[in-house]
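Novice: Once you've had a glance at the structure underneath, I'll fire off some questions.
The values are calculated or read from the model by the stated rules, or taken from the named source; none is laboratory data. Keep in mind it's a predicted model, so treat the numbers as computed, not measured. Note: ideal-geometry Cβ built from the backbone for every residue, glycine included; neighbour counts use all protein chains shown.
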Amino acid sequence: MTDETTPPGKTPRESYTVLSESMMPDQLNHHGNVFGGVILALVDKCGGVVARRHARLPVVTVSIDRVEFNQPVYANDYVEAHGRIVRVGRTSMDVLVTVTAEQVETGVRRQTNRCMVTYVALDRLNGRPAPVPPLVLETDEDRRLHAIAERRTERRRAEARDDVDDW
Ligand SMILES: CC(C)(COP(=O)(O)OP(=O)(O)OC[C@H]1O[C@@H](n2cnc3c(N)ncnc32)[C@H](O)[C@@H]1OP(=O)(O)O)[C@@H](O)C(=O)NCCC(=O)NCCS
């Protein structure tokens, strides 16, 4: 029997999401490449769909971790964000989002960004953090990414403890 407070487990495959967008002239910066905020918005939208699919609840973004713009995205590129859930806590979900840009005429694809976004599921009635389904790790890649995300969470918690002393 399913306990109301502990939803049944779900795999990363069940919430995997691809969001894509063709870049337009109003999304460019002064150098004629795509503005970083446009890419960040795509990352957050994609990760948000993953988190909502996993939790089937409203979610909020609590952290976007280590955003690196490794390569420019050019005007006219076709951009895809791939979101995959890699770790859950009680109410939080870590989603790894990878962005690729494709030069449509040549088909050449480049990975331009990758970052971890953390969401918290909210209870529909009181807006407070709500429990999410456990993560069922199905493949070796699920287990590899989950182990990396666990180590990252440990580092984040240790840094948060250090910060308390600094302040
Ligand atoms: C999300 C929110 C409701 C959490 O409230 P809270 O009182 O901090 O709740 P808790 O302390 O119980 O933390 C809830 C979860 O969030 C996680 N969390 C909180 N801050 C975090 C951070 N900076 N990074 C990663 N996880 C974080 C906690 O570890 C906890 O996870 P767990 O339940 O899986 O163990 C509150 O911080 C909030 O409303 N933030 C604003 C969100 C928002 O508006 N986002 C839009 C961005 S512009």
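Novice: Among the candidates ALA158, ALA147, ALA130, which residue alone is surrounded by 10 or more Cβ atoms within 10 Å (Cβ to Cβ), modelled with pLDDT under 95 and over 18 Å from TYR16 (Cα atoms)?
Specialist: Numbers: ALA147 fails: modelled with pLDDT under 95; ALA130 fails: modelled with pLDDT under 95.
Unique residue meeting the criteria: ALA158.
Novice: Also, I was wondering about something else. Checking the condition out of contact with any Phe, Trp or Tyr (no Cβ under 7 Å at 6 or more places or on another chain) and either free of Cβ contacts under 8 Å to residues at least 60 places away in the same chain or under 24 Å from ARG156 (Cβ atoms) (or both), which residue from ARG124, ARG56, ARG13, ARG84 passes? Spell out the reasoning first.
Specialist: Working: ARG124 fails: either free of Cβ contacts under 8 Å to residues at least 60 places away in the same chain or under 24 Å from ARG156 (Cβ atoms) (or both); ARG13 fails: either free of Cβ contacts under 8 Å to residues at least 60 places away in the same chain or under 24 Å from ARG156 (Cβ atoms) (or both); ARG84 fails: out of contact with any Phe, Trp or Tyr (no Cβ under 7 Å at 6 or more places or on another chain).
That would be ARG56, the only listed residue that is out of contact with any Phe, Trp or Tyr (no Cβ under 7 Å at 6 or more places or on another chain) and either free of Cβ contacts under 8 Å to residues at least 60 places away in the same chain or under 24 Å from ARG156 (Cβ atoms) (or both).
Novice: Quick one: PRO133 ticks every box in (1) over 17 Å from VAL50 (Cβ atoms); (2) touching a strand residue (DSSP E or B) at 6+ places or on another chain (Cβ under 8 Å); (3) within 13 Å of the ligand (Cβ to nearest atom) except a single one, so which number is it?
Specialist: (1)
Novice: Would it be correct to say that ASP142 is in contact with a Lys or Arg (Cβ under 9 Å, 6 or more places away or on another chain), assigned to a helix (DSSP H, G or I) and more than 11 Å from the ligand (Cβ to nearest atom)?
Specialist: yes
Novice: Within the range 67-96, track down each residue that is assigned to a strand (DSSP E or B) and more than 23 Å from PRO131 (Cβ to Cβ).
Specialist: Filtering the range 67-96 for residues assigned to a strand (DSSP E or B) gives 67-69, 74, 78-88, 92-96.
VAL67, GLU68, PHE69, TYR74, TYR78, VAL79, GLU80, ALA81, HIS82 - these are the residues of the range 67-96 that are assigned to a strand (DSSP E or B) and more than 23 Å from PRO131 (Cβ to Cβ).
Novice: Have a look at ARG56, ARG90, ARG84 and point out the one that is among the basic types (Lys, Arg) and touching a strand residue (DSSP E or B) at 6+ places or on another chain (Cβ under 6 Å). Spell out how you get there, then give the answer.
Specialist: On the way: ARG56 fails: touching a strand residue (DSSP E or B) at 6+ places or on another chain (Cβ under 6 Å); ARG90 fails: touching a strand residue (DSSP E or B) at 6+ places or on another chain (Cβ under 6 Å).
On inspection, the qualifying residue turns out to be ARG84.
Novice: For the range 70-117: of the residues being surrounded by fewer than 22 Cβ atoms within 10 Å (Cβ to Cβ) and near the ligand (Cβ under 9 Å from one of its atoms), which is nearest to LYS45 (Cα to Cα)?
Specialist: Once the filter is applied, the top-ranked residue is SER92.
Novice: So in the range 54-101, with the set limited to residues that are acidic (Asp, Glu) and within 18 Å of ASN29 (Cα to Cα), which one is modelled with the highest pLDDT? So that I can check it myself, show each step before the final result.
Specialist: To start, the set of residues in the range 54-101 that are acidic (Asp, Glu) comprises 65, 68, 77, 80, 94.
In the following step, the residues that additionally are within 18 Å of ASN29 (Cα to Cα) were identified as 68, 77.
Numbers: GLU68: 84, ASP77: 92.
Out of the qualifying residues, it is ASP77.
Novice: Looking at the range 55-66, is at least one residue within 12 Å of the ligand (Cβ to nearest atom), in a helix (DSSP H, G or I) and under 15 Å from the mean Cα position of the chain (by Cα)?
Specialist: Looking for residues that are within 12 Å of the ligand (Cβ to nearest atom), in a helix (DSSP H, G or I) and under 15 Å from the mean Cα position of the chain (by Cα), one finds at least one in the range 55-66, hence yes.
Novice: Report, by residue number, each residue of the range 109-137 that is over 19 Å from the mean Cα position of the chain (by Cα) and assigned to a loop (DSSP other than H, G, I, E, B). Full working, then the answer.
Specialist: Initially, the range 109-137 is screened for residues over 19 Å from the mean Cα position of the chain (by Cα), giving 109, 123-128.
Answer for the range 109-137, where residues must be over 19 Å from the mean Cα position of the chain (by Cα) and assigned to a loop (DSSP other than H, G, I, E, B): ASP123, ARG124, LEU125, ASN126, GLY127, ARG128.
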